[in-house]
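Accompanying notes for the structure given below.
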Amino acid sequence: MGKFEVLDHPLIQHKLTIIRKKDCGTREFRQVVDEIATLMAYEVSRDMPLEDVEIETPMGKTVKKRLAGKKVVVVPILRAGLGMVEGILNLIPAAKVGHIGMYRDEETLQPHEYFVKMPGDLGDRDMFIVDPMLATGGSAIMAVDALKKRGAKSIKFVCLVAAPEGVKALREAHPDIDIFAASLDDHLNEDGYIVPGLGDAGDRLFGTK
Ligand code: PRP
Ligand code: URA
């Protein structure tokens, strides 16, 4: 079974509180999401494998560590996942970026896929799917389906706010993946929004409402 971890570092909690406030404007929201994503990348990459490498310092030869792992692919679920990409690339600049376009039907809450563009050889890569919100879990489940269909084997899902309903659904559908959230919130309301949450992440990031 993959793990579910809440990354509740004080800096992450503090910054998440800033963006939850309804009077946090688009510019600050975007900036702080970016900062939280960088902090989360630090934690999410904690188990990256290392290998020995011989180097020469000004004092002589020594054997030290370097990353040995597969190449990382950051996969934002459009639109809102885009807000987390740069923050992760700050720490893992060599990562590739794949995109999955998905929107949730406001009536049925069912996700619809409209775009997928991935680098090749997903089986050899560590995939970090990013989306600020894990609500019913429908979008996340469909995104993992899309990556597995294309050969991905190592998948982590990284979100800011998760609802218990979404975590349960994603773990049931894909027990092998790791899930990281900055917060596990209380519940979903009747419209499928996370409470207390932060509202519509895409609209708040892009100023569309
Ligand atoms: C939001 C969010 C997730 C999805 C979560 O996207 O960014 O992708 O909803 O909901 P779920 O867990 O119930 O599937 P939305 O569909 O609003 O699209 P947007 O990012 O384009 O605004
Ligand atoms: N999508 C969002 O953007 N916010 C929610 O609370 C739920 C789904």
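The values are calculated or read from the model by the stated rules, or taken from the named source; none is laboratory data. From a predicted model like this one, the values you see are computed outputs, not experimental measurements. Positions of Cβ are generated from backbone atoms using ideal geometry, with glycine treated the same way; all protein chains shown enter the neighbour counts. The area values use the complete protein model at the heavy-atom level, side chains included, leaving out ligands, DNA and RNA. Shrake-Rupley method; radii C 1.70, N 1.55, O 1.52, S 1.80 Å.
Assorted remarks:
- Number of the exception - Asp145 against (1) of a type in the set (Asp, Glu); (2) surrounded by fewer than 20 Cβ atoms within 10 Å (Cβ to Cβ); (3) under 29 Å from Lys209 (Cα atoms): (3)
- Residue match in region 160-174 (condition: open to solvent by 30 Å² or more (accessible area, probe 1.4 Å), in contact (Cβ under 8 Å) with a residue 12 or more places away in the chain and away from ligand 2 (no atom under 16 Å from the Cβ)): yes
- Just one of the numbered conditions (1) closer than 16 Å to Ile155 by Cα; (2) in contact with an Asp or Glu (Cβ under 8 Å, 6 or more places away or on another chain); (3) without any contact (Cβ under 8 Å) to a residue 60 or more places away in the chain is not true of Lys70: (3).
- A search for C-beta distances below 7 Å between a residue of region 15-42 that is more than 16 Å from Glu86 (Cβ to Cβ) and any residue that is among the aliphatic types (A, V, I, L, M) and open to solvent by less than 90 Å² (accessible area, probe 1.4 Å), counting only pairs 6+ apart in sequence or on different chains, returns Leu16/Ile36; Leu16/Leu160; Leu16/Ala182; Ile18/Val32; Arg20/Leu198; Cys24/Ile18.
- In the set (1) crowded, with 19+ Cβ neighbours inside 10 Å; (2) within 23 Å of Leu11 (Cβ to Cβ), the condition left unmet by Gly202 is number (2).
- Odd one out for Gly69 among (1) part of a loop (DSSP other than H, G, I, E, B); (2) of a type outside the set (Lys, Arg); (3) under 15 Å from Pro132 (Cα atoms): (3)
- Residues of region 137-148 classified as within 15 Å of ligand 2 (Cβ to nearest atom) and farther than 9 Å from Leu170 by Cα, total: 3
- Among the residues of region 1-56, those that are open to solvent by less than 70 Å² (accessible area, probe 1.4 Å), within 26 Å of Pro175 (Cβ to Cβ) and assigned to a helix (DSSP H, G or I) comprise Ile12, Ala37, Met40, Ala41, Glu43, Val44.
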